[in-house]
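What follows draws every value from the coordinates through simple rules; no lab data is involved. It should be emphasised that the depicted structure is a prediction, and the values quoted were computed from it without experimental measurement. FYI the Cβ positions are ideal-geometry reconstructions off the backbone, even for glycines, and counts take in every protein chain you see.
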Amino acid sequence: MTRICKGIEPILEVIKNSEEYIRIVSFQFSDSKIIENLKKKVKEGIDVEVITLPVDSINSDEKREEMRNSYKSLREEGVKVYENMWEVGDPTLTDTSESGEVSEGGGEKWYSLHGKFLVTDRNALIMSANLNSQKEIEIFLKYEDEETINKFNDKFDQLFKDFIKKDGNIPGQLIQKLPSKQRKNLKKGFEESSRLLVKGYADSISPEEVTLERNLVITPFDIRARNILYKIIDESEDYVFLLSERLYDNALVDKLRKKILSSNLKIKIITGRPEAVRQNTTKARKFFRELASAGVSIRAIDDIHAKAWISDRYLAIGSTNLGKMNLGFRKKGQWRANTETMMIETDQAEIEEAKSKFKVLWEEAKKVETVLGASNKAKSTAKNYFDLFDHYSRNRAKKIFGKLKLKFEIENERRMIEIAHFSSLLAKEESETYIERSHVIMAAILTILREKASSFEEIKKILSEIISSEEIEAEIRKLVEIDKIEREGEKYKINLETLF
């Protein structure tokens, strides 16, 4: 059963319902209610295991000390707390880890574990939530059947073996799967700094092949998260709905734009505001505009933390954001990605339920015009325009100016996309490998005429500053000859029956 809500109540319910054991995987682990409930369960004779990040995954000295004390008290009560110290990528501050400069001398960290799930003898719970006290919008999917519970236990065992169980003095037997040179470098790094840092994973560890079936997967080791998402997009016929805390990935934006421009697929995205993207807010805003101008519907909610991919064929819920490091990418011949967990579901009833929950959230989310047009940056830009005329402006004036500016920017981008599309179609009809100048001019004329029937003089008025009258006239004649447009009196109009 899919549930979208604020906070961690579904986690507490599953913990309270357990009778024999509790096994948790979590990116972060600090919520006092969960900690006290786990201690209580241990006293009842229930076995409790937690795989989470080390104490220095938090950048606050005060919070780090709280975590250290919490881990200590849990262990004293009998809770098995395993700290996954494996890192991946470049050791710089990122959205994956907020460790920052660490007083103990570890430096900036990029811990790989970002997965989250919970399994007990009674339930299995895939979730987007971390085990902390932040009240954000999360998504959960709970199971009660023995088969699914067993699958979750298998994945917990896999994570424990790969990242926790020692190989000699090194935590995690993943080291045995690494190529010999990488294994040697890892051992040397561990001896010198007690860190387990890999730049990426070989294809033998991170398979490219994608088979989507009902299962809990650990990415990128069972399958690559990016490949899961791309296959969901490619195989969908009706809709793709995406939930993510943030959206920041060039390749995904290009993928979604190409897909929606070449199909009748409906794509909707609910994510956080661009301002929440620490890497580059300006670029994040650009992604919003590019998607909106291509026809992707995108809205934002401030406290969204849910991560889900919903289509007419599949449902995937888990820990994976729509970010470069979450989805993974190729770097220097290796696959670089966080360790994420996703439950892939093919049951139509589950898909429909998740779809209905998404639609409810969609109505609560803010439209792209509001998100971008009324942002502080948009208001600052509006002020700059008004300052040209030495006039003060009220906040409401700046907001509406920002929304108008965004509207015109998106409309202009849509025209350019249409010109590019028409250019491509014209070149294909002529079996041309390259788009030529004449294709672009004809495409521009078609775009003008698609908006309204126009005379030669009206078309010339729009284009004559960059294209000669003779060339405009020649391309209009050609469009008439190939039945793309027709003349009625003084006006030219698109021939809808033979356009493309």
Practice item. For residue 145 paired with residue 16, estimate the spin-label separation in nm (one decimal), with each label point 7 Å from Cα along the Cα-to-Cβ line. Key: 2.7
**Study point:** GluC sites (Glu not before Pro) within segment 409-454, DSSP loop, no more than 16 other Cβ atoms inside 10 Å
**Key:** 430, 432, 436
Practice item. Please work out the Cα center distance from segment 323-391 to segment 109-153, rounded to the nearest Å. Key: 22
Exercise for review: Classify segment 422-468 as rounded, prolate or oblate, taking a ≥ b ≥ c as the square roots of the eigenvalues of its Cα gyration tensor: rounded when a/c is under 1.5, otherwise prolate if a/b is larger than b/c and oblate if not.
Suggested key: oblate
Check your understanding: Where does helix 281-294 land angle-wise versus the long Cα axis of the chain, in degrees 0 to 90, nearest 10?
Key -> 50
Check your understanding: Can you give the helix-only mean residue ellipticity at 222 nm for the chain, where every DSSP H stretch with n ≥ 4 adds -39500 (n - 2.57) and the sum goes over all residues, rounded to the nearest 500 deg cm²/dmol?
Key -> -14000 deg cm²/dmol
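Which of 281, 271 has the fewest other C-beta atoms within 10 Å, and how do the rest follow up to the most?
Values: 281 16, 271 28.
Ranking 281, 271 by Cβ neighbours within 10 Å, fewest first, gives 281, 271.
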**Study point:** Distance between segment 5-75 and segment 447-473 - C-alpha centres, whole angstrom
**Key:** 67
**Study point:** Label point distance in nm, residue 77-residue 389, each placed 7 Å from Cα along Cα→Cβ
**Key:** 6.5
Practice item. Arrange 40, 188 by Cβ neighbour counts within 10 Å, fewest through most, would you? Key: 188, 40
Study note, to complete from the structure: Across segment 271-336, qualifying lysine pairs (alpha carbons under 17 Å, at least 8 places apart or different chains) come out at 4
**Study point:** Full-extension gain in nm, residue 330 to residue 254, via 0.36 nm per residue minus C-alpha separation
**Key:** 25.7 nm
Exercise for review: Count neighbours as other Cβ atoms within 10 Å of each site's Cβ, and list the trypsin sites (Lys or Arg not before Pro) in segment 443-476 that are DSSP loop with at most 11 such neighbours.
Suggested key: 452
Exercise for review: Compute the relative contact order of segment 2-198 as a whole-number percentage, counting only Cα pairs closer than 8 Å that sit 6 or more residues apart in sequence.
Suggested key: 25
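Between residue 431 and residue 364, what length comes free when the chain is fully extended (0.36 nm per residue of separation minus the Cα-Cα distance, one decimal in nm)?
Details: separation 67, 0.36 × 67 = 24.12 nm, distance 4.76 nm.
Separation in residues times 0.36 nm, less the Cα-Cα distance, equals 19.4 nm.
Relative contact order of the chain: what whole-number percent is it, with Cα pairs under 8 angstrom and at least 6 residues apart? If you can, show how the numbers build up before the last one.
Working: 944 pairs, mean separation 62.5, N = 500.
Rounded, it is 12 percent for the chain.
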Study note, to complete from the structure: Footprinting proxy, 261, 113: sorted fewest to most Cβ within 10 Å, the residues are 261, 113
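Can you pull out the trypsin sites (Lys or Arg not before Pro) in segment 200-260 that DSSP calls coil and that have at most 16 other Cβ atoms within 10 Å?
Values: sites: 214, 224, 226, 231, 246, 255, 257, 258, 259; in loops: 214, 224, 246.
In loop regions of segment 200-260 (DSSP not H, G, I, E or B), the sparsely surrounded trypsin sites (Lys or Arg not before Pro) are 214.
Report the rotationally averaged projected area of segment 2-198 based on its alpha-carbon convex hull, in square nanometres.
Its average projected convex-hull area is 11.3 nm².
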Review point. Taking the Cα atoms of the chain alone, what are Rg (to one decimal) and Dmax (as a whole number) in Å?
Key: 27.0, 90
